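Working notes, structure below.
A short reminder: the numbers here are calculations on the coordinates, not readings from a lab. All values reported here derive from a predicted model rather than from experimental measurement. Virtual Cβ from ideal backbone geometry, glycine too; neighbours counted across all protein chains shown.
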Amino acid sequence: MVWYPAIEQRKAQGLLKVKVAGTEVLIVNDDGHIYATSPYCTHEQFDLSDGFLDDHKIVCTNHFASFDPKDGSVVSPPEGAGEISPIKTYPVRIENGMILVDLP
């Protein structure tokens, strides 16, 4: 595992897209639970940092697909679009107030 610093935990609020070791990552702060995922919806590559959290799910504002930030699974596909792929997730840990992300 290679852990890369992403952002200070105190700065991570809601959905925030950051660049970690050259890779764009969505940092998700869901009521103090921190997750890291791909920052783009798998339907039409809409930027999920422009979305919102609803009932512990990431919601894409393009066509309202929703994803579970814990495992990237599709909770609800976009209306009328059929099945879509899950989003990637990355392991996270917090050290000395810094969110670290394990990237492949």
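If you add up the charges near Pro86, with Lys and Arg at +1 and Asp and Glu at -1, over every other residue whose beta carbon is less than 9 angstrom from its beta carbon, what do you get?
Details: positive: Lys88; negative: Asp68, Asp71.
With Lys, Arg at +1 and Asp, Glu at -1, the neighbours total -1.
Each Lys or Arg adds one and each Asp or Glu takes one away; over the other residues whose Cβ falls under 12 Å from the Cβ of Lys70, this sums to -2. Name all residues of region 70-104 having a backbone nitrogen under 18 Å from the label point set 7 Å from the Cα of Thr61 along its Cα→Cβ direction, giving them as ranges. Backbone N within reach: 78-79.
First measure r as the distance between the Cβ atoms of Asp30 and Ile94, then evaluate 1/(1 + (r/R0)^6) with R0 = 22 Å and state the FRET efficiency to the nearest 0.05.
Working: r = 14 Å, r/R0 = 0.65.
So the FRET efficiency works out to roughly 0.95.
Put the Cα centre of region 29-104 next to the Cα centre of region 1-21 and the gap is 14 Å.
Listed by chain and number, the lysines whose alpha-carbon sits under 18 Å from that of Lys19, ignoring those within fewer than 8 places in the same chain, are Lys11, Lys88. Contact order for region 3-102, expressed relative to its length and based on alpha carbon pairs under 8 Å spaced 6+ residues apart, stands at 27 percent. Cβ under 11 Å from Tyr40's Cβ, Tyr40 left aside: what net charge do those residues give with Lys, Arg +1 and Asp, Glu -1? Local charge sum for Tyr40: -2.
Assuming 0.36 nm per residue, please report the length gained on full extension of the stretch Asp102 to Glu83 beyond their Cα-Cα distance.
On the way: separation 19, 0.36 × 19 = 6.84 nm, distance 2.80 nm.
Value of the extension gain: 4.0 nm.
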